[in-house]
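Worksheet: one structure, shown below.
Coordinate-derived values only; no laboratory data. Being a predicted model, the structure only gives us computed values, none of them experimental. We place every Cβ from the backbone using ideal geometry, glycine too, and count neighbours over all the protein chains shown.
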Ligand code: AMP
Ligand code: ZN
């Protein structure tokens, strides 16, 4: 049996078959950068990081794309309230995103496209929709005719009639039908805007992802993901736009994580229970938060309490201790090679690997995968000690790291986390160079130099050297 994935579209688990054998394109809707990420946002970020790691572990070549929505009402309103430039504010929160994600052990995506840098692709996409009769302009705004798309409502399991009824609440008389949604918004005074065939304006929320998937992954992504709140309207609308423009499905597997609640309540600023990882990480190690986020299956709701976080920290410590013991036995052991008895034991220990893979194959069941690590640990305590051969102990240590790496837990050593930090800085510098922010690019180069990494820009790309 291979990997099976629950598909929101079909509402069942399906065998995972990438479009191109051996290669996987994943697109995850990333944060709207109007504030620091909160621990709810951290759930999809960490979960899809694990999906990416696991698919790589299973030998697939993964291209992982996660966007930043940096043009949006929330950003504009917040910046206005603070009296700052919205694009500069978004930039600041993107930087904060990389710090938080990095601390949580999340590697940068292969591409982090931003709405503000895909205006050309977005406009072309909308023009395409108008030309095909799926979209219409009204006084500088452009809307999508939902009813023109025969499959509209399929992803979220609603009929057009339900949607018409639901949409009546927010009446906009310029729309031809209540269920239509906006693709391009005419500029209002003081708002950031770009020139377009319909006059100055900015993209609506949904269109950016359709345009970015097409640009970075082609017409169809293998996996498209995000939190369950995105199923409707965001993903329903993305799916409709893409079907209309390309004639192909936007994604083959729609993957959605359930919500994280705080002490049983929805997280919101007004309830005063809005928690950000950077606050937690002041008192707890980031790995404990990561462990907590992975301790439940992604489609199960997760309830955050400080007790749960403490329990996650303690559980992680049990694994850390087991690994520390093994490393000590490796030093004190007097025997190099395994004997026959140990060889049998090794076979039994590696059965834990199979259990781990079976769990992850089954719709990325991180909860059961973590249980497999604990079973391995119980077995180690019961059967191994300082008398074991170095060869066996080494094999078990490697197994811990092999499986730990898939979950992004049990970092090998300080060097590993330093390497992650370096990778992050290099990715940020590439990003700065792309947008021709030479000052920021130089600053990052200096920061890397301080960590002993020298970068050389060659025509073939960036080369790195250790000092
Ligand atoms: P946003 O910046 O609100 O678009 O959210 C970014 C990502 O976080 C989306 O995939 C959301 O579905 C997800 N998300 C937001 N709040 C939560 C939550 N409380 N639990 C789990 N995922 C969430
Ligand atoms: Zn999206």
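Note: relative contact order over the chain, using C-alpha pairs below 8 Å and six or more positions apart, is 16 percent. A simple packing score, the average count of other Cβ atoms within 10 Å per residue, orders the peptides 69-79, 241-251 as 241-251, 69-79, with the highest score first.
Decide, for the stretch 217-352, between rounded, prolate and oblate: order the square roots of the alpha carbon gyration tensor eigenvalues as a ≥ b ≥ c, take rounded if a/c falls under 1.5, and otherwise choose prolate if a/b is larger than b/c, else oblate. Note, shape of the stretch 217-352 comes out oblate. Among beta bridges identified by DSSP and lying wholly in the chain, the antiparallel ones come to about 50 percent.
Does the stretch 68-126 classify as rounded, prolate or oblate by the C-alpha gyration tensor (a ≥ b ≥ c root eigenvalues; a/c under 1.5 gives rounded; else a/b over b/c gives prolate, otherwise oblate)? Note, shape of the stretch 68-126 comes out oblate. Ranked by the mean number of other Cβ atoms within 10 Å of their residues, highest first, the peptides 16-26, 289-299, 337-347 come out as 289-299, 16-26, 337-347. If one takes the longest principal axis of the Cα atoms in the chain, at what angle in degrees, from 0 to 90 and to the nearest 10, does the Cα axis of helix 73-82 lie? Approximately 90 degrees, to the nearest ten. In terms of its C-alpha gyration tensor, the stretch 182-282 has an oblate overall shape, because the principal axis ratio a/c (a ≥ b ≥ c, square roots of the eigenvalues) is not below 1.5 and a/b does not outweigh b/c. Taking all Cα pairs closer than 8 Å and separated by 6 or more residues, the relative contact order of the stretch 306-466 comes to 22 percent. Ordering 213-221, 173-181 by mean Cβ neighbour count within 10 Å, with the highest value first, yields 213-221, 173-181. Each Cα pair under 8 Å and six or more residues apart adds its separation to the average, and for the stretch 233-336 the resulting relative contact order is 25 percent. The angle between the Cα long axis of helix 86-103 and the longest principal axis of the Cα atoms of the chain comes to about 20 degrees, rounded to the nearest 10.
If I fit a long axis through the Cα atoms of helix 236-246 and take the longest principal axis of the Cα atoms of the chain, what angle between them do I get, 0 to 90°, rounded to 10? With rounding to tens, the tilt is 70 degrees.
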